[in-house]
Amino acid sequence: MRYHSSRGIFAIAIAIAFGLLAGATTAQAANESWVSGNGNDAGTCPRTAPCRTFQFAHDQTNNNGAINVLASGNFGPLTISKPISIVAQGAEAVINTAANGAAITVQAGGGANVSLRGLTIDMRGTGNKGINFLSGAALHVWDTVIRKTTDGISFAPASGTPELYVANSIFEDAAGASQGIIVVPSGSAGARVVLNSIRAENSGNGVLFDGGSTTGSINATVRDSVFAGNTGSGIAVSDDGGVANVMIDRSAMVNNTSGLSIVNANNGDVWIGDSTVTGNGTGLNNGSNLLVSYGTNQVNGNGTDGAANGVGTMK
C-alpha cells in the first residue's frame, strides 16, 4: 500500500509540474503574438499558429507585449488600447484599410507606450489618416512608410504631455492641404516630439506644429530630415494660444511653396542651424520675431529667401 501510495503521489507531482509548464507556455504566448498573411484569427496567435490581423492579435496580447510579423500580408485596420509593440522585420506589414477614419488609432491609457516598426500604411488617397494618436504616454514609429492619407500621423492628445518619436520613416502624398505629420494637442495638453531622419514629401505641409488649440506647450526637435515638394511649407509652426518651441538641425527644406513658415506665433521660439533652404517660393516665411538662426544655414535659390530675426549661439 505504501508503494502504491508513493506512486500516486509521484503521479500527482508530475501532473502538477506539467500543469505549471502549460501555464507558463500560455503566458508566454500572450506576451508574444504572431501574425501572417496566411494566418487564421483563432487561439492566442503563437508562432506555430499565427493570426491573420493585427486587431485579433492585439486583443490576445498582454500589456507590454509584442505582435511580430512572421510573413507578409495586409493586417489592418487596428485600434490600440494598451501598451504594445508591433515589429515587422524581413516581412512587409501592410495596412490599406481604415476604421473610424484611420489605419491605426491609438487610444490607450495615460501610461501606455506604443511602438510601431516596419509598417507600410497606404490609404490609397481615401479620406483617412495613417496613424491617429488620441491618448497614451508615447508613440514610437520606426522604419515606416505612410502614404496617400489625409494626415500621415495626427498626434492630437487632449491631456498630459505625451511623446512622439519618429525615425527613419517616409511620409508622402498626403491629400490636398493635409500634412505628412501634424502635432496638434488640445485643451491643456502638450507634446514632446523628436523627428529624426524622416522624409516628408508631396503633401500640404511636410510637418505642422500647431499649438492653436491648447494652452500647453509643444517642444520639438527635427534633425537630419528632408521636406520636399510640399504645396504648403516644408515645416510650419503656429502657436497662437499655446507655446511651440522647435529646434531644426541639419535638415533640408527644398522645392516647397515655403521652406519654413512661422505663422500666428506669439509665445514660442524656432531655432535653425546647419540646414539648407532652397528652391522654395519663399525660403524663410517669418511672420513674427521668433526665428533664430545660428548663422550656419544655407538659404539661397528661393523665389524670396527671407531671413531670420535673430542670431543665437549654440549651447
Inset, instruction - Would you point out the residue of segment 94-130, among those that are of a type in the set (A, V, I, L, M, F, W, C) and assigned to a loop (DSSP other than H, G, I, E, B), that is surrounded by the most Cβ atoms within 10 Å (Cβ to Cβ)? - result: MET123
Inset, instruction - Keeping to segment 233-254, report how many residues are buried (at least 19 other Cβ atoms within 10 Å of the Cβ) and either part of a loop (DSSP other than H, G, I, E, B) or polar (S, T, N, Q) (or both). - result: 6
Inset, instruction - Return yes or no: is ALA236 under 23 Å from the mean Cα position of the chain (by Cα) and farther than 17 Å from ASP305 by Cα? - result: no
Inset, instruction - Looking for whichever is on the phi < 0 side of the Ramachandran plot, of a type in the set (Lys, Arg) and under 12 Å from the mean Cα position of the chain (by Cα) here; the options are ARG117, ARG147, ARG47, ARG52. Which one fits? - result: ARG117
Legend entry - Residue tally, condition under 21 Å from ASP151 (Cβ atoms) and in contact with a Pro (Cβ under 7 Å, 6 or more places away or on another chain), over segment 113-125: 1
Inset, instruction - Please verify whether segment 152-168 includes one or more residues that are within 14 Å of GLU201 (Cβ to Cβ), of a type in the set (Val, Ile, Thr) and at pLDDT 95 or above. - result: no
Inset, instruction - Scan segment 213-229 and give yes if some residue there is surrounded by fewer than 24 Cβ atoms within 10 Å (Cβ to Cβ), of a type in the set (S, T, N, Q), in contact (Cβ under 8 Å) with a residue 40 or more places away in the chain and over 24 Å from PHE171 (Cα atoms), otherwise no. - result: yes
Inset, instruction - Test ALA91 against the stated conditions and say whether it is over 22 Å from ASN219 (Cα atoms), outside any loop (DSSP other than H, G, I, E, B) and of a type outside the set (Lys, Arg). - result: no
Legend entry - Sole residue being out of contact with any His (no Cβ under 8 Å at 6 or more places or on another chain) and at pLDDT below 95, chosen from GLY37, GLY110: GLY110
Legend entry - Flag for ALA29 being part of a helix (DSSP H, G or I), at pLDDT below 50 and within 30 Å of ASN74 (Cβ to Cβ): yes
Legend entry - Scope segment 261-295; condition assigned to a loop (DSSP other than H, G, I, E, B) and either in contact with a helix residue (DSSP H, G or I) (Cβ under 9 Å, 6 or more places away or on another chain) or at pLDDT 95 or above (or both); matching residues: ASP274, SER275, GLY279, ASN280, GLY281
Inset, instruction - Kindly establish whether GLY90 is surrounded by fewer than 20 Cβ atoms within 10 Å (Cβ to Cβ), free of Cβ contacts under 8 Å to residues at least 12 places away in the same chain and either on the phi > 0 side of the Ramachandran plot or of a type in the set (S, T, N, Q) (or both). - result: yes
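The values are calculated or read from the model by the stated rules, or taken from the named source; none is laboratory data. These numbers were taken from a predicted model, which means no experiment stands behind them. Note that each Cβ is placed from the backbone with ideal geometry, even for glycine, and that neighbours are counted across all protein chains shown.
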